[in-house]
1. Would you check if there is a residue in region 118-127 being at pLDDT 95 or above, more than 26 Å from the chain's Cα centre (by Cα) and crowded, with 20+ Cβ neighbours inside 10 Å?
2. Between Glu359, Glu377, Glu364, which is at pLDDT 95 or above, among the acidic types (Asp, Glu) and farther than 30 Å from Pro11 by Cβ?
3. Can you find even one residue in region 142-162 that is more than 29 Å from Trp117 (Cα to Cα), touching a residue at least 24 places away in the same chain (Cβ under 8 Å), under 29 Å from the mean Cα position of the chain (by Cα) and not in a strand (DSSP E or B)?
4. So which of Lys67, Lys6 is over 17 Å from the mean Cα position of the chain (by Cα), surrounded by fewer than 22 Cβ atoms within 10 Å (Cβ to Cβ) and under 22 Å from Val135 (Cβ atoms)?
5. Suppose we filter region 196-235 for residues that are of a type outside the set (Val, Ile, Thr) and over 20 Å from Val149 (Cα atoms); how many remain?
6. Would you confirm whether any residue within region 202-212 is at pLDDT below 95, in a strand (DSSP E or B), surrounded by fewer than 16 Cβ atoms within 10 Å (Cβ to Cβ) and not charged (D, E, K, R)?
7. Of a type in the set (S, T, N, Q) and part of a loop (DSSP other than H, G, I, E, B): does that describe Ser386?
8. Within region 71-102, count every residue that is modelled with pLDDT under 95 and among the polar types (S, T, N, Q).
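The values are calculated or read from the model by the stated rules, or taken from the named source; none is laboratory data. Just so it is clear, the structure is predicted and the values come from calculations on it, not from any experiment. Note that we place each Cβ from the backbone using ideal geometry, even for glycine, and neighbour counts take in every protein chain shown.
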Amino acid sequence: MDTNKKIQNAPVYHITAPYGWMNDPCAPGFNAETQRYQLFYQWNPFGCEWGNMSWGHVTSDDLVHWKYGPEQPVLSPDQAYDHEGVFTGCMVPTSMDGHSQGATIFYSSVCKLPFSWETPPYPRGAAGISVANLVEDGKWEKFQGNPIVKAEPESLSVTGFRDPFVAQWPALKKARGTSADLFAVVAGGVEDKGPCLFLYEVKMGNMTEWEYVGMLIQKPLHWRLDRHWSGDAGVNWECPGFMTLRVGSNERHFVLAGSEGGLDRDHVLAPDMQLQKSPQRNARWCMWMGGDFSVDNGTPEFEPKFAGLLDCGVFYAASTFHDPKSNRQVLWGWIIEEDATIQRCREKGWTGCLALPREIFLLELHNIEGTISSQLERIASFNVESVDSLSTVRTMGIRPIVDLQALRGNSVLEAGQVFELKQDTEQHLCSCKNTRWELRVSINLDQQCSRAGIRIVHDRKSSLFTEIFFSIKDEEIIVNRPKQAGRRQNFETNNRQERGPHTLLRRQEDGRSKLEALDLRVFRDGQVLEVFANDRFALATMVYVDVEDSKVLDEVSCFVDTKTSAEAKAQCWELSPFIARE
């Protein structure tokens, strides 16, 4: 690896690799022995394109400020069983015997390439499951008996078998009636049948012993609860996870999966003659599914009752862990950079980054009368319980972890200011001196409004701007990215719209009907943009502006298209780097 490589225009509070290509976050967790958070990531230390899959490593005391390890991989493809790549995996925060402090890593050890659901047959034994353990701070040693799982289950023709996730799941233990303390799922699919998660029991006393149980969940090709509100299950799954989330005395069980080969969303498929030469995306996204177990002859099966998208943009490869310090379920993901050419990525020296850490939780909303448009019961991402005319709605909640407030520096826009938004006009909110900031805006609107949101003007001279708004008619949050004028040859970017399903709820308060406000939270970090709404919507994307970063001055305004008027409250902060870059 050339350690003299420098990266340009990199985000300052999102994690990137020291240089080159980054993809999936791996093995996040809290290590009780070192009292630090561990996080790994897929890394090609030799270039800005996929290849040479290794693991990089960062640590943190607070999930906000991160320290990079040596500019060398901590796990490399250097054994016969993993010479084609150290792929995605997870961490259990104990030693392999399960009884002492330490950390154990499980990963997909790849010995045969290529393989893909698109080009069957899948080569048997192409990827196994291997283990590495912490021998001293920052140093990891592969188990001599690797791989502990040599191949996919016998008698199955699979479309994939990789990305182990290992954790306790008391609800599954109870449903199965087993003494096992750990369960593992491996993602993949079965040819001509559809995506699935392979379920194993793992012995806490010897985590190298895995017993295959069956398929925890299998769905037909392109299964979905609803085209608009839930994700398409596609052909093959990657990067799985499971958990039980609680609020008060209520709990719901969840499964996560990255969907490959789905029926793409309309806005991605829409023809655009101007984009024929620009990079094209793969059809993939992260799904969450909430549901219950059934057990047939001792084999548990998870049946989804409600489902949705973890993120409506380019966030992928979800990796989650339970944080024992805060009793939260923390979620990491990869922000894919498929919209830029390899020439652009090589010029800046990096490709892709990790999204901000997010908390996922069971969101419970009471006294709900309905939504701004759709019938409540038809929203597939909601679990609805109705009594008389009012309902309780439960769904997957998602928001940036509260700890990120530690990054806030100067206040660009002070709290407490109220802005009146007049009919079809735009209200200036603030001017940002750099491209690293956080904005929170709450907009009260009514049924007569067609859309409401914010506009970020990056460069008035070339009229480059980004719009983030809620469309009532479509019940979607939409991001219009900058249309680049005068783009350089070979630097064409895919700047299509990003959009995803969202609605506003009408609640009864003190005997009166009240529509909730549109609460937007926007993080800008150079080319990285993350949007959150009402604690149940997330969208990550990349924004490419062919203007020198130091010359960008973001002008932020708020707008509402309405026949009446509306009101907004906003606050904005500059955000500081989590680590100084030389």
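1. yes
2. On inspection, the qualifying residue turns out to be Glu364.
3. There is no residue in region 142-162 that is more than 29 Å from Trp117 (Cα to Cα), touching a residue at least 24 places away in the same chain (Cβ under 8 Å), under 29 Å from the mean Cα position of the chain (by Cα) and not in a strand (DSSP E or B).
4. Among Lys67, Lys6, only Lys67 is over 17 Å from the mean Cα position of the chain (by Cα), surrounded by fewer than 22 Cβ atoms within 10 Å (Cβ to Cβ) and under 22 Å from Val135 (Cβ atoms).
5. 17
6. yes
7. It is false that Ser386 is of a type in the set (S, T, N, Q) and part of a loop (DSSP other than H, G, I, E, B).
8. 5
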